[in-house]
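Structure first, commentary second.
The values are calculated or read from the model by the stated rules, or taken from the named source; none is laboratory data. Just so you know, these numbers come straight off a predicted model, no measurement behind them. When we count neighbours, we look across all protein chains shown, and the Cβ atoms used for this are built from the backbone with ideal geometry, even at glycine. Side chains are part of the model used for accessible areas, which takes the heavy atoms of the whole protein and leaves out ligands, DNA and RNA. Shrake-Rupley method; radii C 1.70, N 1.55, O 1.52, S 1.80 Å.
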Amino acid sequence: MSDYTSLPADLPVPEDDGGAAHLPGTTLPSVELRGTGGGTVRLDALGAGRTVLYVYPLTSRPGTELPQGWDAFPGARGCTPEACGFRDHHGELLAAGAARVFGLSSQDTDYQREVVERLHLPFEMLSDPARSLAGAGDGDGNGGLALPTFDIGGMTLYRRLTLIVRNGAVEHVFYPVFPPDEHADEVLAWLRRNPV
């Protein structure tokens, strides 16, 4: 059984395939997603200030295997270390200007809740099992965001990326994200360089 809190040294590096090039400036859609806090979060009503919304493929539970070929697929491995990075830097992210942080995947809320509890995450995870954000939108809040996905083990999953949302629109996109265990540092550095 692998240790999912650390990363193998030989992970393949994802290349920028242009899958997120359309996102800067895009209005977030009127999509309501279940959160691990027990309620729902509407993406077009996140509130004032910046929101860090990091999108990840899936986290694995201890004792369960990841899909075959997971480590060989560029950008797949590293969801647990990424979540831990956002956990460890949560206070600094807020101090640097983020009003809130969310993780988002296509896993169901019960699955995500186990991760939040096991890793002691101080923020909510949002569940999009229908992958509504993978659908095309019109850029004005109608439809999805056309987030990039990949297929593995009979599943369609989101590719790893992070959105900085401000005033209801995407202000900045991190894509591709690598290495995932250092990504929270990258987001923190960007927030500090770009104060509101």
Checklist entry - If you line up the Cα atoms of segment 69-196 on their principal axes, what length do they span on each, largest first, in Å? => result 41, 37, 27
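First measure r as the distance between the Cβ atoms of ALA136 and TRP190, then evaluate 1/(1 + (r/R0)^6) with R0 = 25 Å and state the FRET efficiency to the nearest 0.05.
0.40
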Checklist outcome for this item: At R0 = 45 Å the Cβ-Cβ FRET efficiency linking ALA9 and ALA95, nearest 0.05, sits at 0.90
Checklist entry - Considering the chain as a Gaussian network with a 10 Å cut-off on Cα pairs, which listed residue, ASP128, ASP151, ASP88, attains the greatest mean-square fluctuation? => result ASP151
Checklist outcome for this item: In nanometres, the difference between 0.36 nm per residue of separation and the alpha-carbon distance of ASP17 and THR156 is 48.3 nm
Checklist entry - In the chain, with Lys and Arg counted as +1 and Asp and Glu as -1 at Cβ, which of these residues, PHE178, PRO129, GLY37, has the Cα nearest the positive end of the dipole, that is, farthest along it? => result GLY37
Checklist entry - Given the C-alpha centroids of segment 78-102 and segment 163-196, what is the distance between them in whole angstrom? => result 10
Checklist entry - Got a sec? Charge dipole of segment 32-82, +1 on Cβ for Lys and Arg, -1 for Asp and Glu; which of THR64, GLY78, THR51 is way out at the positive end? => result THR51
Checklist entry - Which net charge results when you count Lys and Arg as +1 and Asp and Glu as -1 among the other residues whose beta-carbon is under 13 Å from that of LEU93? => result 0
Checklist outcome for this item: Taking Rh as the Kirkwood radius computed over alpha-carbon pairs of segment 1-56 and applying Stokes-Einstein at 37 °C with viscosity 0.692 mPa s, one gets a diffusion coefficient in µm² s⁻¹ of 216
Checklist entry - When Lys and Arg each count +1 and Asp and Glu each count -1, what net charge do the other residues less than 12 Å away from ALA130, Cβ to Cβ, add up to? => result -1
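Can you tell me how segment 138-196 classifies by the Cα gyration tensor, rounded, prolate or oblate, using a/c under 1.5 as the rounded cut?
oblate
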Checklist outcome for this item: With a 1.4 angstrom probe the carbon and sulfur portion of accessible area for the chain, in percent, totals 47
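Which FRET efficiency value, to the nearest 0.05, do you get for THR149 and ALA169 by plugging their Cβ-Cβ distance into 1/(1 + (r/R0)^6) with R0 = 30 Å? Display every interim value, and only then the final one.
Values: r = 22 Å, r/R0 = 0.73.
Efficiency computed from Cβ-Cβ geometry: 0.85.
Per DSSP helix of 4 or more residues, -39500 (n - 2.57); summed, then divided by the residues of the chain. What does that give at 222 nm, rounded to the nearest 500?
Value at 222 nm, helices only: -5500 deg cm²/dmol.
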Checklist outcome for this item: To the nearest Å², the heavy-atom accessible area per residue of the chain with 1.4 Å probe amounts to 44
Checklist entry - Suppose every K and R has +1 on its Cβ and every D and E has -1 on its Cβ; what is the size of the dipole of the chain about the Cα centre, in Debye to the nearest 20? => result 500
